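The values are calculated or read from the model by the stated rules, or taken from the named source; none is laboratory data. Keep in mind it's a predicted model, so treat the numbers as computed, not measured. Cβ placement follows ideal geometry from the backbone for every residue including glycine, while neighbour counts extend to all protein chains displayed. These area figures cover heavy atoms from the full protein model, side chains too; ligands, DNA and RNA do not enter into them. Shrake-Rupley method; radii C 1.70, N 1.55, O 1.52, S 1.80 Å.
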Amino acid sequence: MKLTIIENGTVINEGESFRGYVAYSGDTITAVGRGEYRRGGEMAEPAVRIDASGMLVTPGVIDDQVHFREPGFTDSGEIDPHGAAAAAGGVTSYMEMPNTRPPTVSQGEWEWKMERAGEVSAVNYSFYFGADNTNIAAIRRLDPRHVCGVKVFMGSSTGNMLVDDRRALSAIFAESPVLVATHCEYEPIIREKAQNFREKYKEDILPWMHPLIRSAEACYRSSAAAVELADRYGTDLHVLHLSTARELSLFDSKPLSGKKITSEVCAHHLWFADEDYETKGNLIKWNPAVKTAADRQGLREGLLSGKLDIVATDHAPHRADEKALPYWQCPSGAPLVQHSLQIMLELAAQGVLTRETVVGKMCHAPAERFRVKGRGYLREGYKADIAIVEPGTRYEVTRDNILYKCGWSPLEGTLFSHRIVRTVVNGRTVWDGENIVGRSARALTFDR
């Protein structure tokens, strides 16, 4: 197998940045080091040399929360091309959510997704198994080596996936053999708020009202309930997409390796605030909602303190005509997986956090939290999942460079100072900075 060396770049890995190299052969990293690559005391002459001068070299991003909409909603998204969009964003692995049609609440539906991704995905993949009020028997039989987690909607969702039966929740938290990942919004509060707004404003709801309807209190109440259940049953719990500063009080800042209860924040909650509804409108309508600038600042501080463990996207495409509908008819969610690494590196460029923190929260932490086997780090013996990024450039998000099937992004017109110039998956270049040039996807496996 040919040896490939990425040389002369700034390697960002395991809390350090240094000028050095990453070498790989086949699908496996063979060496990572400072300065020039040498073998046996002499300068090696590799078959392939990639000059990364002036570039950043990082592990590929692992996004632990995406919705690629297949099966059932393929008018807005599919595993391909949204896996290709992930590759264009430096994302080399994803974990996809179960609220498709039909929902992924049976072994057969989960296996269908795995087979489909093996046929078409551009990057590595795994799929959550969905919980409902009745499928605890199927959850008990899940294989921890191959299923990333069980997704529990403790707030409204597609079809019958709202788990609102207390006995069902208790059984899932007590008996799941894999990590439990929760969407936390307290449904009774949301329903009451929605009714109040309907009575007062009828159909004239404006996007800025969304975080008042899906309120901070609804998020805190539900997240607190999830943490309480996890404490009671010793659950391996991961609370997804925190959106409020108050929720941080529920989590510890100790090292990730010592936690059984962890949390995630999405890039959009670190980037947007409620003031952006004025210009973005329903394009930034997510569940949980984008909230205040104070919440955004609290979430940024939570990353630095260690209370927030992982940065992901909750990538959720909808058609542009759907997002143009009035508030009550407009679906929540937006595509983000192609630009999340650029968002986070932009925040680093602004001094909000460091590049090392970006890599830690987007690459290392998902691998550690989910116990992903052999990925998430630039280490000898690990799989060669690598992103090469050009800093100090000018990159504008436009309709012409968006790879999503839905064809739009809430970031259109945004200027970034970083560009993803190469994405390597299992030792093969999949994204060359302009085009998808290959496919090298494999199913993620887990050391459990």
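Here are a few things to note about the model shown:
- Every residue from the range 217-245 that is touching a Cys at 6+ places or on another chain (Cβ under 8 Å) and either of a type in the set (D, E, K, R) or part of a helix (DSSP H, G or I) (or both): 219, 222, 223, 225, 226
- Filtered by the rule that a residue be aliphatic (A, V, I, L, M), surrounded by fewer than 24 Cβ atoms within 10 Å (Cβ to Cβ) and either under 22 Å from the mean Cα position of the chain (by Cα) or closer than 16 Å to residue 369 by Cα (or both), the range 120-146 gives a lone residue, 120.
- Residue check, residue 108 small (Gly, Ala, Ser) and either open to solvent by 10 Å² or more (accessible area, probe 1.4 Å) or assigned to a loop (DSSP other than H, G, I, E, B) (or both): yes
- Listed by first and then second residue, the pairs with beta-carbon distance under 7 Å, at least 6 apart or on different chains, first residue in the range 217-244 and over 13 Å from residue 174 (Cβ atoms) and in contact (Cβ under 8 Å) with a residue 60 or more places away in the chain, second assigned to a strand (DSSP E or B) and small (Gly, Ala, Ser), are 238/181; 240/181; 242/263.
Yes/no matrix, rows are residues, columns are (1) crowded, with 23+ Cβ neighbours inside 10 Å; (2) assigned to a strand (DSSP E or B); (3) under 16 Å from the mean Cα position of the chain (by Cα):
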site: 49; (1), (2), (3): no, yes, no
site: 76; (1), (2), (3): yes, no, no
site: 87; (1), (2), (3): yes, no, yes
site: 92; (1), (2), (3): yes, yes, yes
site: 100; (1), (2), (3): yes, no, no
site: 112; (1), (2), (3): no, no, no
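- Matching residues in the range 158-188 - criterion: being open to solvent by 10 Å² or more (accessible area, probe 1.4 Å), under 23 Å from the mean Cα position of the chain (by Cα) and under 10 Å from residue 235 (Cβ atoms): 176
- Among the candidates 29, 12, 6, residue that is assigned to a strand (DSSP E or B) and under 20 Å from residue 357 (Cα atoms): 12
- The range 133-144 residues that are over 14 Å from residue 171 (Cβ atoms), paired with ones that are in a loop (DSSP other than H, G, I, E, B) and open to solvent by less than 40 Å² (accessible area, probe 1.4 Å) (beta carbon under 8 Å, 6 or more apart): 144/178
- Listed by first and then second residue, the pairs linking a residue in the range 366-386 that is under 12 Å from residue 179 (Cα atoms) to a residue that is not hydrophobic (A, V, I, L, M, F, W, C), with Cβ atoms under 8 Å apart and 6 or more places separating them unless they lie on different chains, are 369/64; 369/238; 369/262; 369/309; 370/64; 370/149; 371/447; 371/448.
- Every test in (1) under 22 Å from residue 148 (Cβ atoms); (2) of a type in the set (Lys, Arg); (3) surrounded by 14 or more Cβ atoms within 10 Å (Cβ to Cβ) is passed by residue 260 save one, and that test is (3).
- Any hit, the range 52-71, residues being surrounded by fewer than 24 Cβ atoms within 10 Å (Cβ to Cβ), more than 22 Å from residue 433 (Cα to Cα), modelled with pLDDT of 95 or more and in contact with a Ser or Thr (Cβ under 7 Å, 6 or more places away or on another chain): yes
- Filter result for the condition that a residue is modelled with pLDDT of 95 or more, over 19 Å from residue 207 (Cα atoms) and surrounded by fewer than 20 Cβ atoms within 10 Å (Cβ to Cβ), over 267, 225: 225
- The set of residues in the range 308-334 being touching a strand residue (DSSP E or B) at 6+ places or on another chain (Cβ under 7 Å) and among the charged types (D, E, K, R) consists of 309, 314.
- Of all the criteria given as (1) open to solvent by 60 Å² or more (accessible area, probe 1.4 Å); (2) among the small types (Gly, Ala, Ser); (3) assigned to a helix (DSSP H, G or I); (4) closer than 28 Å to residue 173 by Cβ, the one not satisfied by residue 294 is (4).
- Filter result (in a strand (DSSP E or B) and charged (D, E, K, R)) within the range 256-291: 264
- Check on residue 333, within 23 Å of residue 11 (Cα to Cα), of a type in the set (Gly, Ala, Ser) and at pLDDT 95 or above: no
- With a requirement of 3 or more residues that are crowded, with 21+ Cβ neighbours inside 10 Å, among the β-branched types (Val, Ile, Thr) and at positive phi, none of the helices (runs of 4 or more DSSP H) lying completely within the range 338-447 satisfies it.
- Scanning the range 324-337 for residues that are touching a residue at least 12 places away in the same chain (Cβ under 8 Å) and open to solvent by 10 Å² or more (accessible area, probe 1.4 Å), we see that the one that is farthest from residue 67 (Cα to Cα) is 326.
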